[in-house]
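K.L.:
Input: one structure, supplied below.
The values are calculated or read from the model by the stated rules, or taken from the named source; none is laboratory data. Keep in mind it's a predicted model, so treat the numbers as computed, not measured. Positions of Cβ are backbone-derived with ideal geometry, glycine not excepted, and every protein chain shown enters the neighbour counts.
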Amino acid sequence: MACYKISVLNLMKIPIFAPLMLHYTKHICREDAQWVTFIHGAGGSSSIWFKQIRAFQKHFNVLLVDLRGHGKSKKPIYEKLKQYSFDVIGDEVIDVLDHLNINKTHFVSISLGTIITRELSERYPKRVSSMIMGGAVMKLNFRGQLLMRVGSALKSVLPYLILYRFFALIIMPRKKHRESRNLFIGEAKKLYQKEFKRWFTLIAEVNPLLSLFRIKDAGVPTLYIMGSEDHMFLPSITKLVKGHENSTLFVIPECGHVVNVEQPHIFNGESTRFLLSIK
């Protein structure tokens, strides 16, 4: 059966009584194939997975989701939504799965999207077949906490894009990380100022949740794919996998934080091998 693509934008001219739904895109391999759902990070969009679609669609049905306020899930109605928490954002992803009658799926996520995926595995373990966590954020080290404090102090004074450029340079400092930096900054330009502040506040308060995730094994097969140059987040993940029975770590040499963009062939190969090994 030929593969095909379906794109749906569910936010246009919705009646007031209709449920709000995130924008999603499907890439179908075959009707009986397993599903893989991709979750981007804060400031990004589903477009960051453009180097993964072809490789994954050879074996799986692919679902790309734009989180609220990002990509094509960016409509004025989101400005009126006051609740911003990882469980609420996760529930919006579950709403898409329910709408598509996807009972169970593998998840592939990057950066801060890994927090959303891990939170989903905690509340909806029967919906999560496995997790691939790229550039995973499971602890804010001293430098990360300092960045958040600086950002909190300046977020109402400086334009958000200046802050985002600064954060991107700290997390992805090397010349060879430029493609990843530019991609994330380019996506961040599409965010509203209020949206950035809401996500920033959400991330600044995430440490208690991350503490739980570091202690507790997710209970589903989990592959962490990290870059050897991801100096802010690799040390905590190295420590985490030693105490989690269901977790393994693959480190890509000479690679930074955004592993799926910097080393797509290695990322795709390790990811698909891992998924195909799960019975």
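K.L.:
Report, by residue number, each residue of the range 106-139 that is closer than 13 Å to Leu63 by Cβ and surrounded by fewer than 22 Cβ atoms within 10 Å (Cβ to Cβ).
P.N.:
Arg127, Ser129
K.L.:
Is it the case that Lys5 is outside any loop (DSSP other than H, G, I, E, B) and modelled with pLDDT under 75?
P.N.:
Here the answer is yes, as Lys5 does meet what is asked.
K.L.:
Within the range 231-271, count every residue that is closer than 29 Å to Tyr124 by Cα and of a type in the set (D, E, K, R).
P.N.:
Number satisfying all stated conditions: 4.
K.L.:
So is Gln34 at pLDDT 90 or above and either of a type in the set (Phe, Trp, Tyr) or crowded, with 20+ Cβ neighbours inside 10 Å (or both) or not?
P.N.:
no
K.L.:
Could you grab me the full set of residues in the range 251-279 that are outside any helix (DSSP H, G or I) and free of Cβ contacts under 8 Å to residues at least 12 places away in the same chain? Break it down stepwise before answering.
P.N.:
Start the filter on the range 251-279 by keeping residues that are outside any helix (DSSP H, G or I), which leaves 251-258, 263, 278-279.
Lys279, the sole residue that qualifies.
K.L.:
Between a residue in the range 118-135 that is in contact (Cβ under 8 Å) with a residue 60 or more places away in the chain and any residue that is basic (Lys, Arg), which pairs come within a Cβ distance under 6 Å, given they are 6 or more apart or on different chains?
P.N.:
Ser129/Lys104
K.L.:
Something else: Mind listing whichever residues of the range 229-273 are buried (at least 20 other Cβ atoms within 10 Å of the Cβ) and of a type in the set (Phe, Trp, Tyr)?
P.N.:
Phe233, Phe267
K.L.:
Looking at Gly90 and the list (1) surrounded by fewer than 20 Cβ atoms within 10 Å (Cβ to Cβ); (2) part of a helix (DSSP H, G or I); (3) not polar (S, T, N, Q), which single condition is not satisfied?
P.N.:
Condition (1) is where Gly90 drops out.
K.L.:
Pick out the one residue from His244, His231 that is modelled with pLDDT under 90, assigned to a loop (DSSP other than H, G, I, E, B) and not small (Gly, Ala, Ser). Spell out how you get there, then give the answer.
P.N.:
Working: His244 fails: modelled with pLDDT under 90.
His231 is the lone residue from the list that is modelled with pLDDT under 90, assigned to a loop (DSSP other than H, G, I, E, B) and not small (Gly, Ala, Ser).
K.L.:
Next question. Checking the conditions here, which among Arg68, Arg118 is under 26 Å from Ile215 (Cβ atoms) and at pLDDT below 95?
P.N.:
Sole residue among the options that is under 26 Å from Ile215 (Cβ atoms) and at pLDDT below 95: Arg118.
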